[in-house]
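Here is the structure we will look at.
The values are calculated or read from the model by the stated rules, or taken from the named source; none is laboratory data. Only a predicted model underlies this, so the values are computations on that prediction, with no experimental measurement involved. Neighbour counts are summed over all protein chains in view; Cβ atoms, including those assigned to glycine, are modelled from backbone coordinates with ideal geometry.
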Amino acid sequence: MNVNQISVFLENRPGSLLAMVRVLAEKGVDMRAFSLAETSEFGIARVIVRDVEAASAVLREAGYVHSVTPLIAAAIPDTPGGLEQTLSALNDAGVNVEYMYAFVGSRQEGAYMVFRVTDNDKACEALSGAGVRLVSQEELEQ
Amino acid sequence: MERYYQPEIETASREQLTAWQNERLVRQVKHVWDNVPYYRKKMEEKGLTPDDIRGVEDLGKLPFLSKADLREAYPYGLLAEPLKNCVRIQSTSGTTGKRVVAFYTQADIDLWEDCCARAIVAAGGSDEDVCQVSYGYGLFTGGPGLNGGSHKVGCLTIPTSSGNTERQIMFIRDLNATILCCTPSYAAYIAETMKEMGLTPDEIPLKAGIFGAEAWSEEMRRDVEKTLGIKAFDIYGLTELSGPGVSFECSAQTGMHINEDHFIAEVIDPETGEVLPDGEQGELVFTSITKQAFPLLRYRTRDICTLSHEKCPCGRTHVKMSKPRGRTDDMLIIRGVNVFPSQVETVLLNLGYGANYQLVVDRVNHTDTLDVLVEMTPEMFTDNLGEVSRRQKQIVEGLRSMLGLTAKVTLVAPKSIARSEGKAVRVIDRRKI
C-alpha cells in the first residue's frame, strides 16, 4: 500500500521554487505534502498530490525534470512515543529510512508521515503488524 | 553497391589525382601572382616567382596564409577576379573577430555544389530522396551549399533553414524527408524534441543525416543515430575554401574524404610549420587549386586532425581526414592543460547523460577555474539527493580522468543553457588576461 511522491529537480537560486509552485497553482494541482531537500546548488522538491498523473503532465509540459516514487504513508498516533513506536517497528524489521516528512491528512486521526525506505513491502508488513494504519494513494485522492 | 556522384573523379588513381593537382596548382599560383598583389608581395618576400612552383612537391615553398591575413586583406585584398565575374559572397559569423567575406564566380559555386552533391550521394542520397536542409540560409554557407548539392543530386529539397523546430518536424513527417542536413547540435535538439513528442525511430522517415559546421564526438553520433533511427555522416568545410563539402564521410564512417581535385591538404606542426606524415596529428592546411575568385594557398585552418591515405572500402581514392578534435581557437588552455569542449561531451555521453553542457572559464586569484554546467536529464535524476550528488561527483571524476584537471560541475535546469539553433554556445571564457 503506497502513495506516489513526485520529486522535482530545482536549481537553488531565488525564485526557482516559486516558479514551480506557481506552475502547479495555475493548473489547480492540489498538494497534500511538500518537502524540500537541498544542496548549495540544487534542490529536490518532493510533493504528494491528489492527482499524480495530472501533476506530472503539468510539470512535463513546463519542462521540469521529475520522477515518481512509491513511498509508505502512515497515520501515526499523535501521542508522546507515537513516532518512536513506528520507527521501532521498522527498525526491528531491518528497514532503513532514507528520508521522511509529515503531512496533513483528511481525517482527524493523528499525524501523517511519509517514509522513503529501502524495502516498501517489508515496511508495510512491519507497520501493519505493529498496528499502524497505512494510508493509500486512493485515500489521498478522496 | 556504392554509388558516387562523380565516379571518374572520386575513384581516380593516385597518379591521376597527382597529375590534376600538379597542373592546377601551377595554374593557380600563376593566377594569384598575376591578379592578387597581396599574394605577389608575400611570395616576393620569400624570394619566389611562379616559376619556382612546378608541382605539388614545391607546395612547401609557398608561404602560409592565416586568418590574420584574411582580416588584413578584408574585403577585396585577396580577390583574384574582377568583381563583374563574381556572382555571390558568403561570410563567416565573425564570432572570433572580423568577418571573412568570400567571393564566388559561377564556376566556384558549381564546384562547391558538386562537392556537396558528392557528400549527399556518399550518404546514400539519390533523386528518389527528400532532403531537408535545416542549416541556416543566408551569409552562412551551410544552407546554400547543401541546398545546391541537393539540387544537383536531384533530391526534392526542403529549404527549411534553421529554427522553428516544430515546423522542422512537421515537414520531416508530412513530406517524408529521408535526409536531414544541419549542425550536429541542432540534430540533437530535433532528436530530443521528437523524443519528447513520444516519436520512436521507426515513426521518423529519416534514413540519413549530414551534420557538420561544428566539432562533435563519436558518442554524440551514436546518440543521434539511435534517437532518429538514421546513419549520421560528418561533413567538413570552411567558408574561406567554399563552405561545407571540402571533405565528407562515406559509408565506412572512418574519416572524411577530402575533395583532392579541388583542395590539396597538408597537416603541419602548428608551432614549427613543418609538414607531418600520415597519422600524425597537427593543424590542417588547405590549398584551393580550382577556385577562381577567392583562391587560398596554404591556408591554416586551425583545425587539429590527422590524414590517412589508406585504401577505403567505399572505393573512393581521395585522402581521408580524421574528425577534427576542434579548432585550435576552440581549444582552451586551463591551468596549462589543453581542453577541447568535445572531450566534455564524450564524458557526459559515456555516462548516459545528454550533451547539453557549457564550459565557463574564469580566473580567480590568478588561478583558472572551470565550471561545467550540465543540464539535468531524467537519466541523471532520482528523488534521492545523495544519489544525485554521487552522479554529479561521477561527472567530476570522469572529467578529471579525461582532462587531467578538476572542474566544478553545476547541475542546471533543463533547457537553461542557451541553444543557438545554428551553433551551440559551448564556451564562455570570462578570463581577462
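Numbers at a glance
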item: Looking only at the stretch A:19-36, and only at residues there that are within 14 Å of chain B (Cβ to nearest Cβ) and farther than 23 Å from A:V135 by Cα, the one that is surrounded by the most Cβ atoms within 10 Å (Cβ to Cβ); result: A:M20
item: Any hit, the stretch B:420-430, residues being more than 30 Å from B:Y137 (Cα to Cα) and either more than 14 Å from every other protein chain (Cβ to nearest Cβ) or at pLDDT 85 or above (or both); result: yes
item: Within the stretch B:362-391, tally of residues that are closer than 27 Å to A:F115 by Cα and either under 30 Å from the mean Cα position of the chain (by Cα) or at the interface with chain A (Cβ under 9 Å from one of its Cβ atoms) (or both); result: 13
item: Residue satisfying condition, being surrounded by fewer than 18 Cβ atoms within 10 Å (Cβ to Cβ) and touching a Gly at 6+ places or on another chain (Cβ under 6 Å), within set B:V360, B:V364, B:V396, B:V337; result: B:V337
item: Selected residue [out of contact with any Ser or Thr (no Cβ under 9 Å at 6 or more places or on another chain), aliphatic (A, V, I, L, M) and outside the structural domain of A:P14 (by TED's automatic domain parsing)] from A:L59, A:L90; result: A:L90
item: Residue among B:A187, B:A232, B:A191, B:A215 that is assigned by TED's automatic domain parsing to the domain that holds B:I158 and assigned to a strand (DSSP E or B); result: B:A232
item: Which numbered condition B:Q253 fails, given (1) in contact (Cβ under 8 Å) with a residue 40 or more places away in the chain; (2) in a loop (DSSP other than H, G, I, E, B); (3) not charged (D, E, K, R); result: (1)
item: Residue ID - surrounded by the fewest Cβ atoms within 10 Å (Cβ to Cβ), chosen from residues in the stretch B:130-171 that are in a loop (DSSP other than H, G, I, E, B) and β-branched (V, I, T); result: B:T160
item: Among (1) modelled with pLDDT under 90; (2) β-branched (V, I, T); (3) under 30 Å from A:A19 (Cβ atoms), the one test that A:T69 misses; result: (1)
item: Of residues in the stretch A:65-95 being touching a Leu at 6+ places or on another chain (Cβ under 8 Å) and within 14 Å of another protein chain (Cβ to nearest Cβ), the one surrounded by the fewest Cβ atoms within 10 Å (Cβ to Cβ); result: A:H66
item: Number of the condition not met by B:A117 [criteria: (1) over 26 Å from B:F248 (Cβ atoms); (2) assigned to a helix (DSSP H, G or I); (3) hydrophobic (A, V, I, L, M, F, W, C); (4) in contact with a helix residue (DSSP H, G or I) (Cβ under 8 Å, 6 or more places away or on another chain)]; result: (1)
item: All helices (runs of 4 or more DSSP H) inside the stretch A:1-103 with 1 or more residues being under 26 Å from B:M376 (Cβ atoms); result: A:16-26, A:52-61
item: Qualifying residue in the stretch A:44-52 (condition: without any contact (Cβ under 8 Å) to a residue 40 or more places away in the chain, within 13 Å of another protein chain (Cβ to nearest Cβ) and surrounded by fewer than 20 Cβ atoms within 10 Å (Cβ to Cβ)); result: no
item: Matching residues in the stretch B:262-277 - criterion: being within 18 Å of the chain's Cα centre (by Cα) and in a strand (DSSP E or B); result: B:F263, B:I264, B:A265, B:E266, B:V267
item: Residue within the stretch B:241-260 that is in contact with a Pro (Cβ under 9 Å, 6 or more places away or on another chain), within 30 Å of B:C86 (Cβ to Cβ) and either at pLDDT 95 or above or assigned by TED's automatic domain parsing to the domain that holds B:P205 (or both) present; result: yes
item: Odd one out for B:V361 among (1) in contact with a strand residue (DSSP E or B) (Cβ under 6 Å, 6 or more places away or on another chain); (2) closer than 30 Å to B:K226 by Cβ; result: (2)
item: Filtered residues of the stretch B:60-86 (kept if of a type in the set (S, T, N, Q) and either surrounded by fewer than 14 Cβ atoms within 10 Å (Cβ to Cβ) or modelled with pLDDT under 95 (or both)); result: B:S66
item: Odd one out for B:V412, checked against (1) out of contact with any Leu (no Cβ under 7 Å at 6 or more places or on another chain); (2) closer than 22 Å to A:E11 by Cα; (3) at pLDDT 85 or above; result: (1)
item: Residue that is surrounded by the most Cβ atoms within 10 Å (Cβ to Cβ) [pool: residues in the stretch B:3-41 that are farther than 22 Å from B:E266 by Cβ and hydroxyl-bearing (S, T, Y)]; result: B:Y5
item: Residue, nearest to the chain's Cα centre (by Cα), within the stretch B:42-65, restricted to residues that are under 18 Å from B:D269 (Cα atoms) and assigned to a loop (DSSP other than H, G, I, E, B); result: B:F64
item: Any hit, the stretch B:392-407, residues being within 11 Å of another protein chain (Cβ to nearest Cβ), closer than 29 Å to A:V47 by Cβ and of a type outside the set (D, E, K, R); result: yes
item: Filter result for B:D110 (in a helix (DSSP H, G or I), assigned by TED's automatic domain parsing to the domain that holds B:K231, farther than 18 Å from B:T92 by Cα and not β-branched (V, I, T)); result: yes
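For every residue, the table says whether it meets (1) crowded, with 20+ Cβ neighbours inside 10 Å; (2) charged (D, E, K, R); (3) closer than 30 Å to B:I204 by Cβ.
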| position | (1), (2), (3) |
| --- | --- |
| B:K231 | no, yes, yes |
| B:S242 | yes, no, no |
| B:I258 | yes, no, no |
| B:D261 | yes, yes, no |
| B:Q281 | no, no, no |
| B:K291 | yes, yes, no |
| B:P295 | yes, no, no |
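Yes or no, residue by residue, for (1) under 12 Å from the mean Cα position of the chain (by Cα); (2) free of Cβ contacts under 8 Å to residues at least 24 places away in the same chain:
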{"residue": "A:L36", "(1), (2)": "yes, yes"}
{"residue": "A:T39", "(1), (2)": "no, no"}
{"residue": "A:F42", "(1), (2)": "no, no"}
{"residue": "A:A57", "(1), (2)": "no, yes"}
{"residue": "A:G63", "(1), (2)": "no, yes"}
{"residue": "A:I72", "(1), (2)": "yes, no"}
